[in-house]
1. Does Phe57 satisfy the criteria of being touching a residue at least 60 places away in the same chain (Cβ under 8 Å) and of a type in the set (Phe, Trp, Tyr)?
2. Which of the following residues is of a type in the set (Lys, Arg), farther than 20 Å from Val93 by Cβ, in a helix (DSSP H, G or I) and open to solvent by 10 Å² or more (accessible area, probe 1.4 Å): Lys261, Lys320, Lys307?
3. Are any residues in the stretch 189-228 away from ligand 1 (no atom under 16 Å from the Cβ), in a loop (DSSP other than H, G, I, E, B), open to solvent by less than 60 Å² (accessible area, probe 1.4 Å) and under 25 Å from Leu315 (Cβ atoms), and if so, which ones?
4. Return yes when Leu232 is under 21 Å from the mean Cα position of the chain (by Cα), part of a helix (DSSP H, G or I) and within 12 Å of ligand 1 (Cβ to nearest atom) and no when it is not.
5. Of everything in the stretch 41-96, what is under 15 Å from the mean Cα position of the chain (by Cα), β-branched (Val, Ile, Thr) and within 16 Å of ligand 1 (Cβ to nearest atom)? Give them in sequence order.
6. Which count do you get for residues in the stretch 241-258 that are assigned to a helix (DSSP H, G or I) and away from ligand 1 (no atom under 15 Å from the Cβ)?
7. Suppose the filter is touching a Phe, Trp or Tyr at 6+ places or on another chain (Cβ under 9 Å), within 16 Å of ligand 1 (Cβ to nearest atom) and open to solvent by 10 Å² or more (accessible area, probe 1.4 Å); does Pro173 pass it?
8. What residue, among those in the stretch 211-223 that are in contact with an Asp or Glu (Cβ under 9 Å, 6 or more places away or on another chain) and of a type outside the set (D, E, K, R), is nearest to Gly164 (Cα to Cα)?
Amino acid sequence: MKSFIYSIPKAELHIHIEGTLEPELMFEIAQRNDIKLPYNSVESARKAYNFQNLQSFLDIYYAGASALLYEQDFYDLTWAYLQRAANQNVRHVEIFFDPQTHTQRGVSFETVFNSIHQALQDGHQHLGISSKLILCFLRHLSAEAAMETLQQAKPFQDRIVAVGLDSSELGNPPSKFKEVFDKARSEGFLSIAHAGEEGPPEYIWEAIDLLKVSRIDHGVRCIEDPQLVQYLVDKQIPLTVCPLSNVKLRVFNSIAEHNLKQLIDLGLCATVNSDDPAYFGGYIAENIAVAQAGLNLSQDDIYKLVKNSFQASFLSAAEKQNFITDLDRFMAQVS
Ligand code: HPA
Ligand code: ZN
């Protein structure tokens with residue numbers, strides 16, 4: 001089962017590039033940039049990764065990202081992630097980046113964008129991983145700040161497929177960003193949003209009704225609203241579920257209590273993703289493996305999850321079909 005999980009071709013749709021910063025690379029980059037980190041060693045950083053909720057994680061995540069200043073830093077970060085992804089047979093990835101985390105510190109949008117994009121192009125050429133970029137707005141900041149960020153993205157628009165919404169969910173409902181998302185969609189961006197991670201099902205409704213999202217990041221609290229579940233099933237609006245994240249941030253007390261299996265059995269288009277793997281203890285294959293063991297998932301459940309990951313992507317219909325044909329070929333070989 002373990003080798004099946006690692007080798008099955010898969011797509012990753014919910015990964016914050018800043019959340020892939022492993023402590024070893026964080027220290028290396030901080031040292032060359034002369035940045036002081038709030039830890040004195042890699043081990044003490046890892047020890048501090050013990051979270052009570054989303055906010056306690058975000059505080060540490062933004063502190064880690066403060067080491068990133070130059071194009072080389074963002075390139076190294078993205079390249080390190082792509083190598084790990086390739087080792088787990090990730091064939092396609094849709095990467096989130098948080099420009100405001102960096103522009104707030106005086107790093108230009110262009111520096112962040114160009115370096116991540118260059119690494120993705122190299123990832124395609126040398127590792128065979130196809131990719132798309134998604135710009136996330138920080139929802140704890142104002143709608144005006146998000147609008148300004150959208151403006152900064154204009155010169156790079158042809159290389160950004162969608163806008164998203166992340167950071168502190170409670171108290172920052174999707175409705176706060178309706179105008180920004182209206183503008184983004186009118187300019188041709190697709191949209192997604194984190195909703196129903198810590199926030200209530202109403203936030204998922206808002207993301208659908210007001211932000212017109214193509215998929216929901218997390219969305220696990222949909223289960224509290226049967227009408228919403230029915231809607232998500234009927235429209236096959238995908239959920240990008242992140243099991244290790246949900247346990248580390250105490251959305252669920254343990255993996256055995258996670259509702260992923262229930263979501264699959266209800267017919268939702270659920271996918272498994274790693275969110276912030278450097279902080280939550282595992283990349284996509286570890287997320288699938290932990291969920292498999294904790295929820296007793298079958299090979300067929302895992303096939304469904306990875307097939308959903310290609311279906312739920314922003315690839316064209318023909319590209320999706322190519323990946324799914326490869327997936328079915330893989331399945332035929334292992335059965
Ligand atoms: N939720 C909200 N914001 C985030 C997350 C998350 O899981 N990871 C990085 N930013
Ligand atoms: Zn996330």
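1. Yes; evaluated as a whole, the condition is true for this residue.
2. Sole residue among the options that is of a type in the set (Lys, Arg), farther than 20 Å from Val93 by Cβ, in a helix (DSSP H, G or I) and open to solvent by 10 Å² or more (accessible area, probe 1.4 Å): Lys261.
3. Matches in the stretch 189-228: Phe189, Ser214.
4. On the way: under 21 Å from the mean Cα position of the chain (by Cα): yes; part of a helix (DSSP H, G or I): yes; within 12 Å of ligand 1 (Cβ to nearest atom): no.
Answer is no for this residue.
5. Correct list: Thr78, Val93, Ile95.
6. 3
7. It is true that Pro173 is touching a Phe, Trp or Tyr at 6+ places or on another chain (Cβ under 9 Å), within 16 Å of ligand 1 (Cβ to nearest atom) and open to solvent by 10 Å² or more (accessible area, probe 1.4 Å).
8. Residue satisfying both the conditions and the ranking: Leu211.
The values are calculated or read from the model by the stated rules, or taken from the named source; none is laboratory data. Being a predicted model, the structure only gives us computed values, none of them experimental. Every residue, glycine among them, receives a Cβ derived from its backbone with ideal geometry; neighbour counts consider all protein chains shown. Note: accessible area is taken over every heavy atom of the protein model, side chains too, but ligands, DNA and RNA are not part of it. Shrake-Rupley method; radii C 1.70, N 1.55, O 1.52, S 1.80 Å.
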